[in-house]
Amino acid sequence: MQAGDIKLLSFNNFTATISWKMTEEKILTLHPLGKSGKNILKEKYDVIKATIITALHGRELSHNELTAQIVAGLTGKFEGNIGWYTETVKLDLEARGLIIRTSDKPQKYKLSA
């Protein structure tokens with residue numbers, strides 16, 4: 001369903017309509033240090049989350065490697081700043097315990113066990 005108007009009744013120059021706006025579902029992200037999260041569209045969150053999880057499946061990636069892979073994979077297919085969304089969702093996934101940082105230098109990210 002999309003936002004719009006529906007003409008319910010038209011009689012002698014009188015028209016009754018109903019209007020509505022679709023509200024897109026949002027998610028409030030978490031931050032691993034307890035800082036305030038960001039309200040982002042759930043649809044965008046889900047795309048970035050799935051891409052991060054796929055990228056980390058069976059391997060560890062540094063922050064730069066992870067971001068570069070997400071940007072390369074979604075350029076031209078995603079509306080918005082891919083780097084910003086990647087960082088926001090990555091922090092959320094850390095806060096939720098779905099991914100973890102290693103103690104390597106440089107730090108790497110991997111899926112939690």
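Observations on the model:
- Kirkwood-type radius of the stretch 25-111, with distances r between different C-alpha atoms, in Å: 13.0
- The label point for Asn39 and the one for Ala68, both projected 7 Å from the Cα toward the Cβ, are 3.7 nm apart.
- Compared with the alpha-carbon gap, the fully stretched path from Ile53 to Asn81 is longer by 8.2 nm at 0.36 nm per residue.
- Taking 18 Å as the straight-line reach from the Cα of Lys26, the aspartates and glutamates in range (excluding those fewer than 8 positions away in the same chain) are Glu43, Asp46, Glu79, Glu87, Asp92.
- Inter-label distance, nm, simple model (7 Å from Cα along the C-beta direction), Glu24/Leu98: 1.8
A short reminder: the numbers here are calculations on the coordinates, not readings from a lab. Since this is a predicted model, take the numbers as computed values, not measurements. So basically every Cβ, Gly included, is an ideal-geometry build from the backbone, and we count neighbours across all protein chains shown.
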